[in-house]
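> One structure, as structure tokens, below. Some questions next.
The values are calculated or read from the model by the stated rules, or taken from the named source; none is laboratory data. Keep in mind that what you see is a predicted model, and the values were worked out from it rather than measured. A quick note on method: Cβ atoms are made from the backbone with ideal geometry, for glycine too, and the neighbour counts reach across all protein chains shown. When the accessible area is computed, the model is the full protein with side chains, heavy atoms only, and any ligands, DNA or RNA have been set aside. Shrake-Rupley method; radii C 1.70, N 1.55, O 1.52, S 1.80 Å.
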Amino acid sequence: MSKQKDFTPALGFSALTPLYDLAISTLTREDTWRGELLDLVEPSQDDRILDVGCGTGSLAIRMKRRNPDCEVHGMDPDINVLDRARKKAKNAKVDISFHQGFLHPGEPMQLGRFSKIVSSLVFHQTALDTKIDLLKSMIQLLQPGGKLYIADYGLQRTPLMRSLFRCTVQAIDGVTDTQHNADGCMPELIEQSGFSNTEEVRVIPTPTGSISIYTAMLDQKR
């Protein structure tokens, strides 16, 4: 779990990090897609869940509130957003373990195995090879039969969604990394990385383009 690597800060620039929660709330229909993602994850008392790219902890806090008996971990390379996540969790009076770092396939994993891994609004900001590395690392961290849940910008199916995505997300995060998501790369990448039963189960239109929710699982035999 390496900490030394370039990353795209929240909203593309570190100076904009204080505005992240407000921007996500107002521009992405956050309550809608996070609510649907949370319903799909359905945290149980036996779950050990890792939120990869947890940002300011919004999803991690919702999962812990949904089921206080589940164990929730959040990981992000950005120390500034983790500081905000820890403060938010403290204010919400929930116990969440936050870790700074990246996932790299083949590196020793010190976090143990998880029953579920979630990630939201992370993959569209990463290069294609990093998307693949993240998915392979997630496989190392999931226990056999474990489940994966990803909410992120996916295939932009209509002219309106493509235009909104181009004028907002790509204006901030650039085209090179984000275009793969807009072209619908995620299901194939998830499957090729070794997951099974990959599905795009939700497509949610937003003012910044459509956000898709993908689910997959790790085979019991692994």
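> Under a point-charge model restricted to the Cβ atoms of Lys and Arg (+1) and Asp and Glu (-1), what is the dipole moment magnitude of the chain relative to its Cα centre, in debye to the nearest 20? Don't jump to the answer; show the numbers that get you there.
Values: 26 positive and 28 negative charges, 100 e Å.
Taking the Cα centre of the chain as origin, the dipole is about 480 debye.
> A further question on this structure: Where the convex hull is taken over the Cα atoms of the range 37-105, what is its projected area averaged over directions, in nm²?
Convex hull of Cα atoms, orientation-averaged projection: 4.5 nm².
> Oh, and also: Using every Cα-Cα pair within the range 144-222, state what percent have a distance larger than 22 Å.
28 percent
> Accessible area per residue for the range 90-163 in Å², computed with a 1.4 Å probe and the full protein assembly in place, what is it?
On the way: 3130 Å² over 74 residues.
For the range 90-163, the per-residue accessible area is 42 Å².
> So, R0 is 25 Å and r is the distance between the beta-carbons of residue 45 and residue 196; what FRET efficiency does that work out to, to 0.05?
It comes out at approximately 0.45.
> Using Cα pairs closer than 8 Å and at least 6 residues apart in sequence, work out the relative contact order for the range 54-100, in percent.
Normalised by residue count, the contact order of the range 54-100 is 48 percent.
> If I model a spin label at residue 66 and residue 220 as a point 7 Å from the Cα along the Cα→Cβ vector, what separation in nanometres do I get?
Computed distance between label sites residue 66 and residue 220 equals 2.4 nm.
> Using only protein heavy atoms and a 1.4 Å probe, report how much of residue 102 is accessible, in Å² to the nearest 10.
30 Å²
> Enter the mean projected area of the convex hull around the alpha-carbon atoms of the range 65-222, in nm², rounded to one decimal.
9.9 nm²
> A further question follows. In the chain, how many lysine pairs have Cα atoms under 16 Å apart, counting only pairs 8 or more places apart or on different chains?
Eligible lysine pairs with Cα atoms under 16 Å apart amount to 10.
> Among bridges DSSP assigns within the chain, what percent are antiparallel (round to 5)?
Restricted to the chain, the bridges split so that about 40 percent are antiparallel.
> Can you tally the net charge around residue 57? Count Lys and Arg as +1, Asp and Glu as -1, for every other residue whose Cβ sits under 11 Å from the Cβ of residue 57.
My count for the surroundings of residue 57 gives +3.
> Considering only protein heavy atoms and a 1.4 Å probe, what is the carbon-and-sulfur percentage of the accessible area of the chain?
50 percent
> Still on this model: Once you have the Cα-Cα distance between residue 86 and residue 172, take 0.36 nm times their residue separation minus that, and quote the gain in nm to one decimal.
Numbers: separation 86, 0.36 × 86 = 30.96 nm, distance 2.59 nm.
Length gained between residue 86 and residue 172: 28.4 nm.
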